[in-house]
Structures are given as structure tokens and as C-alpha cells.
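S.K.: Take a look at the following structure, please.
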Amino acid sequence: MNIKEISGGIYYVGVNDRTTQRFEGLWPLPYGVSYNSYIIKSDKNVLVDTVEQSEAGLFIENIEKVLGGKDLDYLVINHMEPDHSGSIVDIVNRYPNVKIVGNALTINMIKGFYRLENSNHYLAVKDGDTINIGDKTLKFIMTPMVHWPETMMTYVCEPAIMFTGDAFGTFGALNGAVIDHEMNTDVYFHEMYRYYSNIVGKYGVHVQKALAKVAGIDIKMICPTHGPVWVEEFARVVELTDKLSKGEAEDGVVIVYGTMYGNTARYAEIAAQRFAENGIKNIKVYNATFAEISDILADIFRYKGLVIGGPTYSANLFPPIEALLKALEVRELKNKALGVFGSYTWASSATKLFHDYSLRLGLPLVSNVEIRQRGSEQNEEDIRMMADNIVHAIKLL
Ligand code: FEO
């Protein structure tokens, strides 16, 4: 049971999920995930967001304990993805007088997902609207596409707390403590790269808009829907989110290769060795068939250099490499020093297809090395030169 008063009259009532194997059916959860929800107690009692439906039982126990027999007046829905909206019906059943607070898009989605058609359930709010609940006032700030179109943040003026939805969230269940200064946060920062690149990565422009919108607001505590409440490491979390959403990265290189018989793998090894000889310390090498695309995306967002290699396969790209490039295109990857190498046996396609992807990504290729069958000593030298050129290009990013 994870209940904690995080500020005067404001309580964490979220739950941990260490059962779900893949978030959104896609992304591994080696450290679990928390679904955060908060109660604001005053003359009126407010719940901010709910949790995934499978955890509704424990969640309602938490709420009942904090409310101590009092009624729930408002349920604010900052974000409608079902990991946060999944228990809305349970809440309405338990507290039938509750008003669900959301914007027009949110209310439409609740009707679509949960068939709560009765308009008496709802209180619609717009950007900048406020609700006074006694000694506290809630202000609603629309932040569309962080991560869905209806997403908004809720600000509680008096203790200067922002409930931010998915923004500043991260994977990893909460292991007892809730606020950052009560725990070792290393795992959450490690997981933040994965969370951002996997889930929110496509929406960097919108994250930037949201950051600009809240920049002038006095905020002392960030309460996201996943991961720790940020107080002490507030600035670090905001800075990391700002960098990732702008496409700013660290010095380092990711090498991803696909291989059937080990030939392209050889060239990946040659590239890695050359980067090391050039003094690059952060070098991540992934075999795309076996590595989790989730981890690959996280490191690609994290580092400036990127090398992708793979064979021609039935006149197309090797399928795991194609899937990765598609994922990068969806996320509108930017600011990378990109080199590729493609191999073939009797008809080359990979080289042209890599070139086409680089155009669609808007990332010029530092090198595009074409390898026939096992390749040649010249190919090995070309790969070393590609590594040298990427090291040079990284310095300019
Ligand atoms: Fe944690 Fe976009 O849901």
C-alpha cells in the first residue's frame, strides 16, 4: 500500500504494477511501472487521475483510507490513456456524486472508452480555468499531445505543485518511497530515456510547447503519472526532458546491425573498435534480431552518433532493421551523425533503401558503405573511415 502525504493535504494514492510484461503491449517493464494518482483534501476532495483497471481494488482502498469516510467531490482527468483512466468507472460506482473534470476532448474520450454518457457526470474546463476547493485552487493548463491530444496539467497554486500527466514520468515501480529525495533515483533516470523515446518521443515539438507554457509558473513539486514525485531533482528532470524533446544528445555512438551469417556483424565490430580507438567511451552495439527495440531507441535518443547496418533481404531491408528505421521515422529523429552499411549477395537493395530512409528522416548520411557478400579489405577501410567521419560530425552537433 503506497499512501503518502507529499504536501499539506495532498496525498499520493497510486499503485505499482510488477505483473504487466509489456507497457502498451510493446515495451518491456523489467522494473515494473507505477500508476500515480493523488488526492487533494480541502473543503472539497479531489482525485487527480486514476490507475490501470487491474489495480482498481487496491486503488480504491487507498482512496477510502485517505478520505476517511468523506465523499469524493471531483475526479480530474489529466490524461485519458487507459493506464490512467482505467478505473474511472470504479470511482464513479464507488463515489456516484463525483464530478469528472476534463476538457471537451477528455469528456468525449471517456464516453467513447467507458460509455459514461450522462452529462451530469462531467464538469468541462478550458485552458486557464480554475476551481476553488477551499484553501486550495486548481488551475488547468492544456498541454495537447503530451502524450495524447486531450492531455492537460493541473496546478495547485498554494503549495505550487504541478500534476503533469505523462510529462516527466518514467518506468519503474515505486519501491516504498514516493518522493525523489527519499530514494536512490538512478534506475528512474536510466528508465527515463526508454520511457521518453518509446512513449513520448514522437511529440518533442509539443513537449517543447508545454515546457514553454509552464516555464513562468512557480513550481516546487512535479507529480507525474509514472515514477517518483520530483522535488530535489526537479531541475535535472526538466533539463533532461528539454534536451530529449529538442533532440539534444550526449557524446557516444549506437551501432545497430542485422545479420544472417555474421558478415555484417563483422563490420559492426570493426566500426565499434574504430570508435573506441577514436576515444569514444559510450559505444552501444546491438544485434537488432535479439536486442529489445525499446533499449535501442533509448540509446539512439541518448547519443549523437548512429550506425545502422544490415543485409538485403528479399530485395528489402533485413526486417528488424526495417522495423527500427520505421520506428525512427515515426519519432522524427533529428540531430544525429548517421552512417549506414548495407550488404547483398546477388542484387543490392539495402544501400538504396538506407539512402531513401535517410532522406525521409532528413538526416544526411555521413557514409553509405555497400558490401558484396563477405566484402573486401577496402570495405573494412571504408567502415573505419565512416567511424572517423562520424566522430568528426559528432563534434559539430
Ligand atoms: Fe501513462 Fe500516455 O499514458
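The values are calculated or read from the model by the stated rules, or taken from the named source; none is laboratory data. If you're wondering where the values come from, they're calculated on a predicted model, not measured in any experiment. Please note: Cβ atoms are built from the backbone with ideal geometry, for glycine as well, and neighbour counts cover all protein chains shown.
S.K.: Need the failing condition index for Phe189 against (1) among the aromatic types (Phe, Trp, Tyr); (2) touching a Lys or Arg at 6+ places or on another chain (Cβ under 8 Å); (3) within 15 Å of the ligand (Cβ to nearest atom), just the number.
M.R.: Of everything listed in (1) among the aromatic types (Phe, Trp, Tyr); (2) touching a Lys or Arg at 6+ places or on another chain (Cβ under 8 Å); (3) within 15 Å of the ligand (Cβ to nearest atom), Phe189 misses just condition (3).
S.K.: Does the stretch 44-59 include one or more residues that are closer than 14 Å to Glu5 by Cβ and within 16 Å of the ligand (Cβ to nearest atom)?
M.R.: No: the stretch 44-59 contains no residue that is closer than 14 Å to Glu5 by Cβ and within 16 Å of the ligand (Cβ to nearest atom).
S.K.: Output the residue which, of all residues in the stretch 194-214 that are more than 16 Å from the ligand (Cβ to nearest atom) and touching a helix residue (DSSP H, G or I) at 6+ places or on another chain (Cβ under 9 Å), is nearest to Leu26 (Cα to Cα).
M.R.: Let us first name the residues in the stretch 194-214 that are more than 16 Å from the ligand (Cβ to nearest atom), namely 205, 208-209, 211-214.
Narrowing further to those that are touching a helix residue (DSSP H, G or I) at 6+ places or on another chain (Cβ under 9 Å): 205, 208, 211.
Values: Val205: 24, Gln208: 26, Leu211: 27 Å.
Among those residues, the one meeting the criterion is Val205.
S.K.: Let me ask something else about it. Just one of the numbered conditions (1) more than 16 Å from the ligand (Cβ to nearest atom); (2) closer than 15 Å to Gly14 by Cβ is not true of Asn78; which one?
M.R.: So the condition that Asn78 fails would be (1).
S.K.: Quick check on my filter: what residues within the stretch 87-103 are free of Cβ contacts under 8 Å to residues at least 40 places away in the same chain, within 16 Å of the ligand (Cβ to nearest atom) and more than 16 Å from Ile39 (Cα to Cα)?
M.R.: Scanning the stretch 87-103 gives no hits.
S.K.: Hey, Val254 hits all of (1) within 13 Å of the ligand (Cβ to nearest atom); (2) among the hydrophobic types (A, V, I, L, M, F, W, C); (3) part of a strand (DSSP E or B) but one; which does it fall short on?
M.R.: That leaves (1) as the condition not met.
S.K.: Another question, if that's okay. Can you confirm whether the stretch 104-116 contains a residue that is at pLDDT 95 or above, within 25 Å of Glu5 (Cα to Cα) and away from the ligand (no atom under 15 Å from the Cβ)?
M.R.: no
S.K.: Restricting the search to the stretch 5-28, which residues are outside any loop (DSSP other than H, G, I, E, B) and over 25 Å from the mean Cα position of the chain (by Cα)?
M.R.: At the first step, the residues of the stretch 5-28 found to be outside any loop (DSSP other than H, G, I, E, B) are 5-7, 10-12, 15-17, 22-23, 27-28.
Within the stretch 5-28, Glu5, Ser7, Ile10 meet the criteria.
S.K.: So, in the stretch 275-293, how many residues would count as being touching a residue at least 40 places away in the same chain (Cβ under 8 Å), surrounded by fewer than 20 Cβ atoms within 10 Å (Cβ to Cβ) and in a helix (DSSP H, G or I)?
M.R.: Residues in the stretch 275-293 being touching a residue at least 40 places away in the same chain (Cβ under 8 Å), surrounded by fewer than 20 Cβ atoms within 10 Å (Cβ to Cβ) and in a helix (DSSP H, G or I): 0 in total.
S.K.: While we're looking at this one, here's another question. Looking at the stretch 139-159, I want the residues that are in the same structural domain as Gly204 (by TED's automatic domain parsing) and part of a strand (DSSP E or B) and have a partner that is crowded, with 19+ Cβ neighbours inside 10 Å and charged (D, E, K, R) with Cβ atoms under 8 Å, at least 6 apart or on another chain. Which pairs are those?
M.R.: Close Cβ pairs (under 8 Å, with a partner that is crowded, with 19+ Cβ neighbours inside 10 Å and charged (D, E, K, R)) amount to Val156/Lys136.
S.K.: With the requirement that a residue be of a type in the set (A, V, I, L, M) and within 25 Å of Asn132 (Cβ to Cβ), what does the stretch 81-115 give you? Spell out how you get there, then give the answer.
M.R.: Taking the stretch 81-115 and keeping what is of a type in the set (A, V, I, L, M), we get 88-89, 91-92, 98, 100-101, 104-105, 107, 109-110.
If the condition is that a residue be of a type in the set (A, V, I, L, M) and within 25 Å of Asn132 (Cβ to Cβ), then Ile88, Ile91, Val92, Val98, Ile100, Val101, Ala104, Leu105, Ile107, Ile110 are the ones that fit.
S.K.: So, in the stretch 160-183, of the ones that are touching a Phe, Trp or Tyr at 6+ places or on another chain (Cβ under 7 Å) and assigned to a strand (DSSP E or B), which residue ends up surrounded by the most Cβ atoms within 10 Å (Cβ to Cβ)?
M.R.: Restricting attention to the stretch 160-183, the residues satisfying the condition of being touching a Phe, Trp or Tyr at 6+ places or on another chain (Cβ under 7 Å) are 162-163, 168-173, 178, 180.
With assigned to a strand (DSSP E or B) added as a condition, the list becomes 162-163, 172.
Numbers: Met162: 24, Phe163: 28, Gly172: 26.
Selected residue: Phe163.
S.K.: With the requirement that a residue be over 30 Å from Asp135 (Cβ atoms) and basic (Lys, Arg), what does the stretch 12-63 give you?
M.R.: The answer is Arg18, Arg22.
S.K.: Turning to a different aspect of this structure: In the stretch 369-383, how many are touching a residue at least 60 places away in the same chain (Cβ under 8 Å) and crowded, with 18+ Cβ neighbours inside 10 Å? Give the derivation first.
M.R.: Kept after step one, since they are touching a residue at least 60 places away in the same chain (Cβ under 8 Å), are these residues of the stretch 369-383: 369, 371, 373-375, 379-380, 383.
Checking the rest, the ones that are also crowded, with 18+ Cβ neighbours inside 10 Å come to 369, 371, 375, 379, 383.
Of the residues in that region, 5 qualify.
A quick yes/no check of all residues on (1) surrounded by 15 or more Cβ atoms within 10 Å (Cβ to Cβ); (2) among the aromatic types (Phe, Trp, Tyr); (3) touching an Asp or Glu at 6+ places or on another chain (Cβ under 9 Å):
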residue: Lys220; (1), (2), (3): no, no, no
residue: His226; (1), (2), (3): yes, no, yes
residue: Val231; (1), (2), (3): yes, no, yes
residue: Val237; (1), (2), (3): yes, no, yes
residue: Asp251; (1), (2), (3): yes, no, no
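S.K.: Hey, any hits in the stretch 232-253 for a residue that's touching a Leu at 6+ places or on another chain (Cβ under 9 Å), over 28 Å from Val51 (Cβ atoms) and β-branched (Val, Ile, Thr)?
M.R.: Taking every residue of the stretch 232-253 in turn, at least one turns out to be touching a Leu at 6+ places or on another chain (Cβ under 9 Å), over 28 Å from Val51 (Cβ atoms) and β-branched (Val, Ile, Thr).
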